[in-house]
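Okay, structure first, notes after.
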Amino acid sequence: MSSTNLSRIALAAGTAAASVVLLSGTAFAHVSVQPQGEAAKGGYATVNIKVPNERDNASTVKLEVSFPLDHPLASVMPQPVPGWKAEVTKAKLDKPLTLHGKQINEAVSKVTWTADGSKIGPGQFQQFPLSLGQLPEDADQLVLKAIQTYDNDEVVRWIEEQKGSEEPQNPAPVLKLSAAGADHHGGGATPTASASAAADAKTGHEDGAGAHAETASASSSDTTARVLGVLGILAGIAGVAFGVLAGRRRSA
């Protein structure tokens, strides 16, 4: 193959790789919310707000995440993040919530993280953990609009809701909610889950026994192979010795 053809192939490969990187950055480099485990309707959940830095000449120093008041959350607790200060803002509700038999007249409307000795630099991301509850029972998702601020005073508003199949340029983070479980606190297992766990345990035991037998069989086969290998070597040595002796007799 000529050097010209090799150069063309290298150029095409480089262009393709650059396109993949560019498209990946466009598709995934935005603020998002990721549940840690299950986020079931009517229950409680732990989520991470993932914040990537999209700029190569500035660092993220502030993040504001707003919570919908049409599906209010009585409890939103941020986990401390080193180098960041978290502030929880609440708002009065037009219609009070009833949680654990108590009337709640206000709910969390926003959580703000401000850099306090740290920042999200170029090519980096930061996760901000939150404990949320009680999740609504009459919604399939929660839209958590976010505002990202850089140290050059640039502000990016991740507030656009997706209407069709095409993702907007600055999509708002969306927390998908799964079907309600038997235990809204997420601490117990349903009978079906228990039965499934028991079946898995039984299967695991049987698999373990099978694996043990398989291991023993493999060990036995390995020993047999070694014995046969040694016998083969001895037979080869004997053959060589016989050949040498026969040669000497002919010479004599």
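Is at least one residue of the stretch 125-139 part of a loop (DSSP other than H, G, I, E, B), open to solvent by 30 Å² or more (accessible area, probe 1.4 Å), more than 13 Å from Glu64 (Cα to Cα) and of a type in the set (Gly, Ala, Ser)?
no
Quick check: anything in the stretch 181-190 closer than 30 Å to Tyr44 by Cβ, at pLDDT 90 or above and open to solvent by less than 60 Å² (accessible area, probe 1.4 Å)?
No: zero hits.
The values are calculated or read from the model by the stated rules, or taken from the named source; none is laboratory data. Computed from a predicted structure; not experimentally measured. Here Cβ is always computed from backbone atoms with ideal geometry, including for glycine, and neighbour counts include all displayed protein chains. All accessible areas refer to the heavy atoms of the entire protein, side chains included, with ligands and DNA or RNA removed. Shrake-Rupley method; radii C 1.70, N 1.55, O 1.52, S 1.80 Å.
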